[in-house]
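Notes to accompany the following structure.
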Amino acid sequence: MTTFVVSMFLPVTVDFNELSEYERRANPEPAAVVEELEQQASDTKSVRPPGPTRQASLFQQTTAPTPPKTPAVEHVDFFAVNPSAATHFAKPTDPRTLVRSDSHVPEWGNNGPYFNQPSSKARPPPPDTILEYANSKERTDNVRKERLSLPQRHSSRDHSRDPRWVADWSVVPAVQGNGGLTNAVRASRDAGSVNEVLNVGLVGFPTDVLGDKKKEEIESKLEAEHECLTVFVSDTDLDGHYSHYCKTILWPVFHYQIPDHPKSKAYEDHSYQFYVNLNQAFADKVVANYKRGDTIWIHDYHLCLVPAMVRKKLPDAQIGFFLHAAFPSSEVFRCLAARKNLLEGMLGANLVAFQTHEYAHHFLQTCSRILSVEATEDGVQLENNFVNVWSIAIGIDPVRLSLERDEQPVLEWIEALRNRYPGKKLIVARDKLDGIRGVRQKLLAFELFLNKYPDWRDKVVLIQVATPTTENDDLAATVSEIVTRIDAVHSSLSHNPLVYLRQDIAFTQYLALLSMADILMVTSLRDGMNLGVHEFAICQDGKHSGKKHGPVILSEFTGSAAFFEGAELSVNPWDYKGCAETIKVALDMSDEEKATRFERIRNKVLNHTGDFWFTQLANHLTKVHDEHFRRDTMSIPRLSNVKLGQAYQKCDKRLFLLDYEGTLAPFGSVNNTIITNLERATETLNDLLQDNKNMVYVMSGRTMKELQMVFARVPGVGLIAENGCYVRPLNSDEWIAFADEEKANKWKDSVKSILQYYRERVEGSWVEERNCSLIFHYENTPETDSANRQAGDCATHINDACESLRVRAVPTKDSVIIEPMDLNKATAATHIFHELGTANRPNFLMVAGNDRDDEVVFRWAENLNEKGVVPETTTVSVGNRNTVAMSTLPQGTTGLLNTLNKLARL
């Protein structure tokens, strides 16, 4: 079967063969390269970079700080004689080649350094302020009405006549998108772990100027030759989705930076619709190509709504969602206006996976708080289905990376670096210049290090590659000031301790840098998983460079810090003094400690590869999907009265464990329970107990006093009260307490103060106190949405504050139940079973229930059956929720009572 890999961009894109002016400049003759660089070197004025994403040399600093510094070192002469200079901007041509794990998305409207592609025709964004936005929207509506009144031939422009976009074109590997995902999928295919893969995504550039014929031509070729399904969306949807919503709203929030500026406030409602439109286009493409048995994997925050959109059309599909970015705490995520939509979209998957356990925990906590659903360690319990939540870190492809390092350009750059920095300690860093990667914090820490340890000024060089962005000019200006200050104070005629490049570099130079580095420094303020550390571990074997086992300085706020478990030097990027001290520690580290730390990191990287990650995800999704299918009430068979009766008759020791409310009788207050149903249940239980071979226990969340009142007319019945906290054995009036009431009173005092806070905020709410549990009721509140939100906050608050007390808060439809974590119906059933002893051990077991509290006892019973302890075991659910029970009774309470009456008459 086919595996759909659905991500924002395809691993390949299209290059139109009609050369653009920029492309001709990007691939000049070698003599032209030298001439241009020498001209730049002689210019003492500030030089603007050739474009936001243009790659440049390590030895050519195209963005000079202001005021300009005197060129103490002639980088250009050195670079010009390098054999790779003329091919520095060569295009990637082999779609199977390794790509950067942290590929960046190009700016719309800039064709970039590689390919000849159309610019965006998207409408300009709305104004910054809400008032201006409203006015511009009115003007736009008026213009649209005027255009509709014109003849059709004047209503649009035919861009497809542009000769650049009707020319021949070729398929090339993309330089944008999720490079880590692309490499992992490719490694898994090379290893034979997965066979048929269909990539689903955008072609990587705005497509409004392409005619329908050209789009069909591209789509057909990509599907036939490259196993790619192309999603076409309008330039407006693409720009609004990516630039306005993803980058302005989602990306900052997911990385703990709340967008607090007029632009984000005006754009949220405006841009969210573009986000919905693009997600729907992806979902439609998947649904149109899906075949029964296929697996659908949806990747990253760009496509959070796609799982639910696909689920709506394909209820039985096997769907997984993996978030490559960080997931914030519930306090941060709740700032999003579309928070419920995003969560419900992700919960359309069978499996939602994250890079680390921390992110998975945040997601579970957020679902509980915002959606008021039960979140367990394994996932989220929705009304009619369970969604598994898991964490597993992505890896790289060590085999391909090792081969890439053996390429001649990489070896040339390694030699160039060795000659350029003899005897120097190189600290290497490559980051995107935004507010999340921590470039400013890193430079400030390095400046503090130079000030504090002046003896190192002439011995160390920090090479900071900062890929520029267009959305944060203030940060770029601040970083330039820091660079200028470091240069002014610490540079000399013979040495510059900081090489700052505000542009990206070629992959060959990047690998050479990692090979020659003495230290890798990553100070991200928040990062899902930094695969640069993985690549550093492969490049630090000393194979070509002679330098090996360099330590890693890594921010504690990256997913990689949790992955490497202390093998790195962990830092808080906001602690400049601590970071400066860590640089000193890394430089002074002994070879033995370096080797020890390096081996731990390298073993992790080699054992947890991209192939391993992709394979484990696939296996886990298959497992949970099969489990969901088995638990779905549509898949679970009806209880067979014939088979049940046959098993009942051949067994001489029978044990019944029957839930009370919702199973033997409808839900409701004890005093308001429908008398006819209660009388019928009482008669049925008495009929069963007339046979000495039968043992019957009734389970409930009710108190001991309430159960005694309800079943006073059923002598000999056993009772389980408060969901397993108390048990009254068969033919007894004494209760066995499993809960420590003195301890329970202590935690209840702590929880009551929390509940009082929420009682004051939820009108009509009240607290029911039982012997070892508390219930916060809000079914009578007039403000349902507000009450649900407060209930979710209440459950999260209690779970966070009272975890050490071994109690948990579970949000239900109209209440929050606070109960002991270590006691449940299964623990009570285990006690009952052991007390019967081997001689009286039942050979027939029937468990009936309808709610979440009964799932644990279903599992307990089925486990006994699997081990052969009880040969005849029946678990039956009379509810309509998903369940682990092996059979269902669609008739509910009535159907169960009918079944029990038939057994009693046998």
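Can you grab the distance from the C-alpha centre of the stretch 293-313 to the C-alpha centre of the stretch 386-430, Å, no decimals?
If you average the Cα positions of each part, the centres end up 32 Å apart.
Quick check on the stretch 173-263: take the gyration tensor over C-alpha atoms, sort the square-rooted eigenvalues as a ≥ b ≥ c, and tell me if it's rounded (a/c under 1.5), prolate or oblate. Each step should come with its number before you reach the end.
Working: a/c = 3.71, a/b = 1.31, b/c = 2.83.
Since a/c reaches 1.5 but b/c is at least a/b, the shape of the stretch 173-263 is classed as oblate.
Which one of Ile583, Ser545, Pro497 is farthest out on the positive end of the charge dipole of the stretch 398-608, using unit charges on Cβ (Lys, Arg +1; Asp, Glu -1) and the Cα centre as origin?
Going by the Cα projections, it comes out as Ser545.
What is the stretch 775-906 by shape, rounded, prolate or oblate, if you read a ≥ b ≥ c off the alpha carbon gyration tensor as root eigenvalues and call it rounded for a/c under 1.5, prolate for a/b larger than b/c, and oblate otherwise?
Taking the square roots of the gyration eigenvalues as a ≥ b ≥ c, the stretch 775-906 is oblate.
Given points 7 Å out from each Cα along the Cα-Cβ axis, report the Ile258 to Asn686 separation in nanometres with one decimal.
6.3
Past the 20 Å Cα-Cα mark, which pairs from Lys442/Lys547; Lys459/Lys543; Lys432/Lys577; Lys452/Lys584; Lys693/Lys867?
Lys442/Lys547; Lys459/Lys543; Lys432/Lys577; Lys693/Lys867
Which FRET efficiency, nearest 0.05, do Ser732 and Cys335 yield, Cβ-Cβ r, R0 56 Å?
FRET efficiency, Ser732 to Cys335: 0.50.
Under 8 Å for C-alpha pairs, at least 6 residues apart: give me the relative contact order for the stretch 741-820, rounded to a whole percent.
The normalised contact order for the stretch 741-820 reaches 29 percent.
Going highest first, how would you order 539-552, 489-502, 637-650 by mean Cβ packing within 10 Å?
Peptide ranking by packing, descending: 539-552, 489-502, 637-650.
Given the Cα-Cα distance of Lys650 and Ser193 and 0.36 nm per residue of separation, how much length would full extension add, in nm?
159.7 nm
Using 0.36 nm times the number of residues separating Asp316 and Ser402, minus their current alpha carbon distance, what extension gain do you get?
Difference between extended and current length: 26.8 nm.
Between the stretch 722-777 and the stretch 474-526, what's the alpha-carbon centroid distance in Å?
60
Would you please classify the overall shape of the stretch 741-820 from the alpha carbon gyration tensor, given that a ≥ b ≥ c denote the square roots of the eigenvalues, rounded means a/c under 1.5, and beyond that prolate means a/b larger than b/c while oblate covers the rest?
Working: a/c = 2.08, a/b = 1.74, b/c = 1.20.
Prolate is the answer for the stretch 741-820, as a/c is 1.5 or above and a/b outweighs b/c.
Starting from the amide H of Val197, placed 1.01 Å from N in the peptide plane, find each other amide H under 5 Å away whose residue is 5 or more places distant or on another chain.
Long-range HN contacts for Val197: Thr3.
Going by how many other beta carbons lie within 10 Å of each one, how would you line up Ser368, Ser753, fewest first?
Ser753, Ser368
Taking amide hydrogens as modeled 1.01 Å from N in the peptide plane, which residues meet the under 5 Å criterion relative to Val807, leaving out close sequence neighbours?
When sequence neighbours closer than 5 places are left aside, the close amide H contacts are Met821.
Can you compute the modelled spin-label distance between Lys693 and Glu866, with each label point 7 Å from Cα toward Cβ, in nm?
Taking the simple label geometry, Lys693 and Glu866 are separated by 2.9 nm.
Treating the beta-carbon of each Lys and Arg as +1 and of each Asp and Glu as -1, no other charges, what is the dipole magnitude of the stretch 544-642 about its Cα centre, to the nearest 20 debye?
On the way: 13 positive and 14 negative charges, 64 e Å.
The dipole magnitude comes to about 300 debye.
Coordinate-derived values only; no laboratory data. Nothing here was measured: the structure is a model prediction, and the numbers come from that model. Using ideal geometry, Cβ is built from the backbone for each residue, glycine included, and neighbour counts are taken over all protein chains shown.
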